[in-house]
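Presented below is the structure to which this report refers.
The values are calculated or read from the model by the stated rules, or taken from the named source; none is laboratory data. Everything numeric in this text was worked out from a predicted model, so none of it was measured. Methodologically, a virtual Cβ is constructed for each residue, glycine included, from the backbone with ideal geometry; neighbour enumeration extends over all protein chains shown. Each accessible area value is taken on the protein alone, full model and side chains, heavy atoms only, with ligands, DNA and RNA left out. Shrake-Rupley method; radii C 1.70, N 1.55, O 1.52, S 1.80 Å.
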Amino acid sequence: MTERIAVIDLGSNSARLIVMHIYSNGAYNLVYHQKETLRLGEGMADNGLLREEAMQRAVEAAKTFLHMCQLMKADKILAVATAAVRNAKNGPEFLERIRNEAGLPLQTISGRDEARLGYIGVINTLDITDALLFDLGGGSIELSLIKNRKLQHTVSLPFGAVNLTEKFATQNKISDEQIAELRAYIMRSFKKIPWLANLSLPLVGVGGTVRNIAKMEQKRKNYPFNKVHNYRLGHISINDLWKSLIASDFKQRQNFPGLSSERADLIVAGTTVVKCLFDITQANRLIISGCGVREGLFLHHYFPHTGQPEIIADTLLHSAYNMLLFYKGDLAHANYVADSAAAMFSGWQDLHELDERDRKLLRVASLLHDIGITINYYDHARHSAYLVENARLFGLTHREQMLAAVVAGWHHGPSAKYVRNKLYSEFLDEADWLKARKMALLLALAESLDTTQMHMAKIVSINYNQKQTYLDISIDQQQGSIELQALDRHRKWFKREFGRELIVRPE
């Protein structure tokens, strides 16, 4: 049966609603997203109380969210409140008000639970092994040390972009003294954490501040891809951006390309936290995660229902199979083609000289090469390329996603229009195009082996010498004539790529 899960995250700065649809075949997909800027934690520094006007904004947002959940026919609502409500003296009264006036079953989660949910959302959507994960919100920051994909330490600190902005008055033009005091305050807190200093691990950032950092940097670089998840920045880029922000006033920040005008007053404090994290950990890069607590909440619900572990073993293949199921692909054919391509990859490794990462990209492209049929069978390879390019494929860098898209799009043969595609040409260099041709050839041969999708051919052995390569297959030559003809059509392509004749020997 299908199910729709609504997830509501009421934070110190904003509230968000996502609706995830779980299909009968187990696939899931985001079908709705809404954000409301509430500034719920605004003014709490004065007396530790949520202000009346902020609470009223939250009540109205909760009513709107609940109405949307009803319109979207959500079967279950998972609603949590984080730092502002958690730290407010009148937090329990506010929760009761939300329940009574809006009818929303909102619950406060602890800083430790918030960190854990963020970890679940990130580790299942990014291909990382060791990292320092931080979730920078309006009223708190959660730090999580990840080693070998496992959560080693977590801590929640009671400061974020909103309350730091208020405490150090960084909304407008700021002085050197203000910045020095802000940095000193943050660093004192960080130095109290015994496992934080000199980690020399990548930083993985979650939250509106880091998403805006990515968007500003993408605008500055004229980045061609409108996606922040798994976008990566170095220490120098962060430092340059931070210097530009602290030298600007509020009005100038409102015109910063890529910066949300709603965050122009908060961005200095938020970016300073990130700058301090770089300094104390000696990190070399920041990886942006577009997934966090909300996705963690959903996956915490989803995995037990499907019998999967809370931390999936292979992020990329999980998301590739999810996309294959979502587009109602032929699972048996996709697996057959992927396995055949992998066999040829191994058998001819000394010829193509591709690496293990390329092997994984080839499997992804092989699994998804036919999903374009969902749009239109004719020219479906091109449609497949577009869908792969834009799919929620977790565990790929942006360059790798473009490369996988080209391989999927070339599974009937290379096409010059892909090379002329501005987006692909921005990401891929000549070495990448060479890889794409080789991987696409292996995919084309693998699909040829199952042209009728009856799984009649089986690879027996793969060999080669200085002049020829041999593909020995078990197949009935009469029943498998279509497969043999399809293989024959790729002999010239094989000769161009590998400089050898392809000899197919049916048994």
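For this structure, a couple of remarks:
- Selection of region 456-488 for residues being in a loop (DSSP other than H, G, I, E, B) and surrounded by 13 or more Cβ atoms within 10 Å (Cβ to Cβ) yields Met456, Ala457, Ile475, Gly480.
- Matching helices (runs of 4 or more DSSP H) fully within region 82-195 where at least 3 residues are open to solvent by 10 Å² or more (accessible area, probe 1.4 Å): 91-97, 111-123, 161-168, 176-191
The rows are residues; the columns are (1) modelled with pLDDT of 95 or more; (2) surrounded by fewer than 21 Cβ atoms within 10 Å (Cβ to Cβ); (3) part of a strand (DSSP E or B).
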site: Leu17; (1), (2), (3): yes, no, yes
site: Met20; (1), (2), (3): yes, no, yes
site: Val31; (1), (2), (3): yes, yes, yes
site: Gln34; (1), (2), (3): yes, yes, yes
site: Asp46; (1), (2), (3): no, yes, no
site: Ala62; (1), (2), (3): yes, no, no
site: Lys73; (1), (2), (3): yes, yes, no
site: Ala79; (1), (2), (3): yes, no, yes
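- Among residues of region 234-289 being under 18 Å from Asn13 (Cα atoms) and among the acidic types (Asp, Glu), the one that is surrounded by the fewest Cβ atoms within 10 Å (Cβ to Cβ) is Glu262.
- Given (1) at pLDDT 95 or above; (2) hydroxyl-bearing (Ser, Thr, Tyr); (3) surrounded by fewer than 19 Cβ atoms within 10 Å (Cβ to Cβ), number of the condition Tyr377 does not satisfy: (1)
- Selection from region 1-36 of residues that are over 23 Å from the mean Cα position of the chain (by Cα), more than 14 Å from Met72 (Cα to Cα) and among the polar types (S, T, N, Q): Ser12, Ser24
- Test: Ala320 is crowded, with 20+ Cβ neighbours inside 10 Å and closer than 21 Å to Phe159 by Cβ: no
- Among the conditions (1) of a type in the set (Phe, Trp, Tyr); (2) over 22 Å from Asn226 (Cβ atoms); (3) under 25 Å from the mean Cα position of the chain (by Cα); (4) open to solvent by 60 Å² or more (accessible area, probe 1.4 Å), Trp433 misses just one, which is (4).
- Boolean, Glu42 is of a type outside the set (Gly, Ala, Ser), surrounded by 15 or more Cβ atoms within 10 Å (Cβ to Cβ) and more than 24 Å from Leu266 (Cβ to Cβ): no
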